[in-house]
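Here the structure is laid out as structure tokens; the discussion comes afterwards.
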Amino acid sequence: MVQVKAIKAFSDNYIWCLTTENSPQAWVVDPGQAEPVLAHLAAQNLTLGGILITHHHYDHTDGVAQLIKQNPTVTVNVYGPKNSPFKGITHPLVDDDYIEVLGISFKVLTTPGHTLDHICFVNNDIAFTGDTLFSGGCGRLFEGTSEQMWHSLNKLKALPAACKIFCTHEYTQANLAFAKAVEPRNPALIAHSELVDELRKEDKISLPTTIGKELKINPFMRSDIPTITEEVPEEFILVTKNNEPWRNFAALRKFKDNF
């Protein structure tokens with residue numbers, strides 16, 4: 001069985017480290033910095049087996065070159081999106097590809113929105129969602145459109161409710177503050193926000209979350225609820241005859257960008 005541990009990087013990034021009991025190898029997801037990964041591998045007597053990249057942003061990729069340089073006798077495979085501007089990918093991936101990590105199979109989902117090259121690595125139990133899906137939120141639209149991001153979130157919504165979500169940032173408190181502005185009477189949201197506040201007081205990680213949890217507390221995942229934009233200021237609402245969910249998502253995203 002695979003174990004997933006968080007390696008802290010920058011101010012709020014998590015580099016996810018995958019290991020199993022019967023292997024000295026570790027794989028890491030989105031290593032924006034090499035130093036904390038190298039320190040963790042040394043402390044745990046692990047060798048680097050491979051790297052997963054969700055998208056090209058520097059805080060997800062800048063550690064790759066040094067990690068490979070520090071392992072000159074080992075071939076470190078770097079799996080990432082085929083259409084990525086990041087040039088360090090050795091194994092380019094497209095939608096519906098499958099890869100095996102430490103004996104565990106992952107499906108590749110293309111999830112454009114935050115960036116156009118964004119992918120997620122998923123199976124029925126765990127998902128590495130990079131900057132597409134956060135706990136209580138989603139990534140800013142730097143390159144893609146609201147319609148693209150809504151379609152991407154719908155791919156993730158189809159995962160089992162118990163699937164654990166490992167995103168790359170500790171944004172949960174800020175996301176839930178916004179979520180409560182959108183749904184101030186959501187009891188599941190209020191309860192989870194209180195739990196996260198207690199965790200963060202003790203500097204504990206708020207992740208992973210689950211798909212089932214996000215469907216209850218994350219306004220972006222709930223954009224198909226017709227009333228989800230009731231608390232959104234009028235200047236962010238897109239006029240539509242059909243109340244299309246992606247337009248609700250767009251209103252929420254604009255509201256969050258100005259929150």
Seminar exercise, completed: Beyond 32 Å, the calculated P(r) of the chain holds a percent of Cα-Cα pairs equal to 21
Exercise. Once every DSSP H run of n ≥ 4 in the chain is given -39500 (n - 2.57) and the sum is divided by its residues, what mean residue ellipticity at 222 nm do you get, rounded to the nearest 500 deg cm²/dmol?
Worked result: -8500 deg cm²/dmol
For this session: Amide H neighbours of ASN123 under 5 Å, at least 5 residues apart or on other chains, H built in the peptide plane: list them.
Result: LYS107
For this session: At 0.36 nm per residue, minus the direct Cα-Cα distance, what do LEU195 and VAL94 gain on full extension? Give it in nm, one decimal, please.
Result: 32.6 nm
Exercise. Among PRO187, PRO72, PRO233, which one shows the biggest mean-square fluctuation in a GNM of the chain, springs joining Cα atoms closer than 10 Å?
Worked result: PRO72
Exercise. When the label point is put 7 Å from the Cα of ASN22 along its Cα-to-beta-carbon vector, which residues of the stretch 81-111 have a backbone N closer than 20 Å?
Worked result: 100-106
Problem set entry | Computed over the stretch 65-177, the ratio Rg/Rh where both radii use C-alpha atoms and Rh is Kirkwood | 0.99
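Using only the alpha carbons of the stretch 160-218, what is the convex hull's orientation-averaged projected area in square nanometres? Working shown, then result.
Numbers: hull surface 15.2 nm².
One quarter of the hull surface, i.e. the mean projection, equals 3.8 nm².
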For this session: Using only the C-alpha atoms of the stretch 110-259, find the volume of their convex hull and express it per residue in Å³.
Result: 102
Exercise. With labels modelled as points extended 7 Å from the Cα through the Cβ direction, what inter-label distance (nm, one decimal) is found for PHE236 paired with ASN77?
Worked result: 4.2
For this session: With a cut-off of at most 10 other beta carbons within 10 Å, and DSSP calling the residue loop, which trypsin sites (Lys or Arg not before Pro) in the stretch 66-155 qualify? Please list them.
Result: LYS87
Exercise. For the stretch 1-152, what Kirkwood radius comes out of the mean inverse Cα-Cα distance, in Å?
Worked result: 15.5
For this session: Using Cα centres only, tell me the gap between the stretch 8-49 and the stretch 192-256 in whole Å.
Result: 31
Exercise. Relative to the first principal axis of the alpha-carbon coordinates of the chain, what is the inclination of helix 187-201, with its axis defined by its Cα atoms, in degrees from 0 to 90 and to the nearest 10?
Worked result: 40
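Only the coordinates and a few stated rules stand behind these numbers; no lab work does. Quick caveat: nothing in here was measured; it's all calculated off a predicted structure. Glycine gets a Cβ as well: all are built from the backbone with ideal geometry, and neighbour counts include every protein chain shown.
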